[in-house]
Each structure stands twice: as structure tokens, then as C-alpha cells.
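The values are calculated or read from the model by the stated rules, or taken from the named source; none is laboratory data. Keep in mind the model is a prediction, meaning the values are calculated, not measured. With ideal geometry, Cβ positions are generated from the backbone for all residues, glycine too; neighbour counts draw on all protein chains shown. All accessible areas refer to the heavy atoms of the entire protein, side chains included, with ligands and DNA or RNA removed. Shrake-Rupley method; radii C 1.70, N 1.55, O 1.52, S 1.80 Å.
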Amino acid sequence: MPQNTENSIGIVETQYFNFDRLVLESGKELADVTVAYETYGKLSEAKDNAVLIVHAFTGDAHAAGFHKGDDKPGWWDNMIGPGKAFDTDKYFIICSNVLGGCSGTTGPSSINKKTGKPYALEFPVITIVDMVAAQKKLIDFIGIKKLLSVAGGSMGGMQVLQWAVSYPESVASAIPIATTMKHSPQQIAFNEVARQSIMGDVAWNNGNYYDKGQPERGLAVARMVGHITYMSDKSMEEKFSRNLKDKAYSFSFASDFEVEGYLRYRGDSFVRRFDANSYLYITKAMDYFDVSGKKFVHEAKKKDINFLVISFKSDWLYPSYQSEEIVKQLKLKGYNATYIEIKSTYGHDAFLVEADDETRIIKHFLERAHKEASNV
């Protein structure tokens, strides 16, 4: 992904917030919870300029800037910083790793204090509701009563919508990007193929692999399948076409085509940074997510949230019709909702790439939301 490192916020550090327990949507209780998070910019005296950035499926709390000794910027560095869409000269930006993740927040790879071993499959099944509940505890800890905005793409967009349902009094505006109110059968199907790939790897060992090494092949294939859905037919044609890695066919099952080599590279690099069990838990949470119809109508009773819904024309994983349905439901209930479809050939990944278009749209929306919030 191209990253614009101009106007970067520089060196940042991950922080950690701990709390005693969280009662989950399933009714089970999770004890000794840690949430990894980062902040950028300065919280105003009135505490009215806080924006929560919620990450997509395999993201983490490191959304912008650089960690000391690492030249890789945060995953949305082209959108967060001085003068950018989420302008750190104006706003206080917060990003946390989701519950069930593997980048500092409690998840299946975390140590269960009762056993002294990783939770593995003893970790309770979590939902988007639970992820947002953990974020709410963090926001309360920081001392923010009402967020200026919650923003995120893909699974991040699901969390944005869940914030509006679970804590409408705590949100002034919401920016769900390239997302849906519920997974379609096709979206669930892709996740199930990925889960079966992981669980079918002999190294998975029913989730108990932490002392021997995780199921790398199964996880790599799961990521390869997922990565195909993030791109578009046109972007793959432009990037790879039928280009060969060498000048001729090998007449073997080696990676003859550049696209094959690329997918294998993405899969192999992914297993070095992500936990296979987290992949299972988080995909299940996405599949369970549903704020459509009566669920949104009955629970989201506060009508003073302004919405900016963004989709991308070539996104076939979360196609525009799903964003249009979000807007339809919001407007039926009297919410102020703006919808914009951005023309892009990058597919679902467009929300990470199309920084210029997103910046113009989001800057204007946030400025208006901040002005309205300040006049309340």
C-alpha cells in the first residue's frame, strides 16, 4: 500500500489499559482484560475533540506515526497527522487493538492467569458488541464523555455502527467506511473457508499450538483467500495480468505467475505477525454482527448522531449496495446521513489507499461536526 509519510506525527508509543472484568454478549465473563492503544494529538480542555479510530480485521492500535527503531508507519498514517483527514493539530485521535486480537489486547494467545497458559480455545467467543464495550471502558478511563466521532473501514465500520447502537449518547458523529450492517451468506462463506483452512492444518492441534508453533500453512492460505477479496478484478489485472515470474512455464506446481508468488508472499509474511486463533475468533465476530432492521431501529434511540457513509465502486467484498442500505435505514429513522461512493479500481483495499478523496470528504465532515458539537 502506498503510504504518505509527509507530515507524520513522528515517534509514538503503544500504551496499555487494564480493567478487572468484562461481561460478554454471550453471558460469559472475561477477567483481567488488557487493551493496547495509541493516541495522537492533544485532548482539548473541553474534551470535545476526541476521535476514535477503529481498525479493520487484522489491524492493530498502531494507526499512525512510527515506533522507535521501526521505519514502517502506522496502517492509516496517510490519513492521521498534521493537516491530514484526521488532523492531529485539531483532534485527539485514539486507536486501540480489538478484543480477541493479538497485538497487545487480550485474546486467545494471552495468558490465562488461572492456568498460566495461553487461553487458546478456552477464550470465550466474542462479538463486535464486546469489542466496542472494551473500547467504551477505555474512553471512560481517558475521561471522555462524548466522542466527536468514531471512524473506521471494513470491520472498523461495523464497530462504528455498533457504537451508534450501544452508546448513542457517547457519539456526536460516525464515519462507517466500506462496511455493512450484517454479513451476507457470501461474506460468511469466505470466512468459513478461511477457518476450515486453519483448523484443517494438523499443526492447529485444536488451538493448542503455542508451545510448538502455529499452523502456518493453514493460516497463510486463509490470508491468501482473504487477500483476493480485498482486491478487484481490474486492480489485479493492472498489477499482475498474466505476467510470469520467469520467461517460460516451469511445467510444475511452482509459482509460475506473478500473482501466485504475490499471494504466497502475503500469506507467508502474515503468519509472522498474526495469531491463527485470533483469526478464528475475529472472523466469527464479524459473522455474528447484525445491526440491520429492527436491531438498529429499536436500540439506536438517540437521533443526534451525524453519519458519513463511504463506499467504493469496485469493492465486491463489501459492495456499495450494503452501504446504501445503511443510509436507507438511517434516514428512515430520522438520522442525518451523508453518503458518498468513491470511484476507485482498488477494490475493498481502497479505504486504505484512496487517501486524497477520503481526506477531502472527511475533513469537511469533521469540521462541521466539531463546530456543531462546540455550539451545543
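Observations, loosely collected:
- Tallying residues that are free of Cβ contacts under 8 Å to residues at least 24 places away in the same chain and out of contact with any Gly (no Cβ under 7 Å at 6 or more places or on another chain) within the range 193-217 yields 7.
- Whichever residue in the range 256-286 is touching a Pro at 6+ places or on another chain (Cβ under 9 Å) and buried (at least 21 other Cβ atoms within 10 Å of the Cβ) and, among such residues, is farthest from residue 185 (Cα to Cα): 275
- Residue check for residue 25: among the acidic types (Asp, Glu) and farther than 27 Å from residue 179 by Cα: no
- For the range 143-150, the condition holds for no residue, the condition being that it is crowded, with 18+ Cβ neighbours inside 10 Å and of a type in the set (Lys, Arg).
- Pick from the range 327-370, criterion touching a Leu at 6+ places or on another chain (Cβ under 7 Å) and in a strand (DSSP E or B), ranking: modelled with the lowest pLDDT: 337
- Being within 21 Å of residue 343 (Cα to Cα) and of a type outside the set (A, V, I, L, M) is true of residue 152.
- Considering residues of the range 12-35 that are among the aliphatic types (A, V, I, L, M) and more than 17 Å from residue 113 (Cα to Cα) only, the residue surrounded by the fewest Cβ atoms within 10 Å (Cβ to Cβ): 23
- Residue in the range 101-121 that is within 20 Å of residue 16 (Cβ to Cβ), free of Cβ contacts under 8 Å to residues at least 24 places away in the same chain and aliphatic (A, V, I, L, M) present: yes
- Restricting attention to the range 7-47, the residues being within 14 Å of residue 130 (Cβ to Cβ) and acidic (Asp, Glu) number 2.
- Boolean, residue 116 is closer than 25 Å to residue 146 by Cα, over 16 Å from the mean Cα position of the chain (by Cα) and either open to solvent by 20 Å² or more (accessible area, probe 1.4 Å) or of a type in the set (S, T, N, Q) (or both): no
- Filter pass, residue 136 being farther than 23 Å from residue 323 by Cα and touching a residue at least 60 places away in the same chain (Cβ under 8 Å): no
- Identification of helices (runs of 4 or more DSSP H) wholly contained in the range 183-283 with 3 or more residues that are more than 26 Å from residue 107 (Cα to Cα) yields 233-239, 258-270.
- Only residues that are open to solvent by 40 Å² or more (accessible area, probe 1.4 Å), in contact with a Lys or Arg (Cβ under 8 Å, 6 or more places away or on another chain) and not small (Gly, Ala, Ser) were counted in the range 331-366, giving 4.
- Test set (1) more than 15 Å from the chain's Cα centre (by Cα); (2) surrounded by fewer than 24 Cβ atoms within 10 Å (Cβ to Cβ) - residue 108 fails condition number: (2)
- Selection within the range 60-103 - open to solvent by 20 Å² or more (accessible area, probe 1.4 Å) and within 15 Å of the chain's Cα centre (by Cα): 60, 62, 75, 102, 103
- Among the residues of this structure, residue 178 does not count as one that is at pLDDT below 95 and open to solvent by less than 10 Å² (accessible area, probe 1.4 Å).
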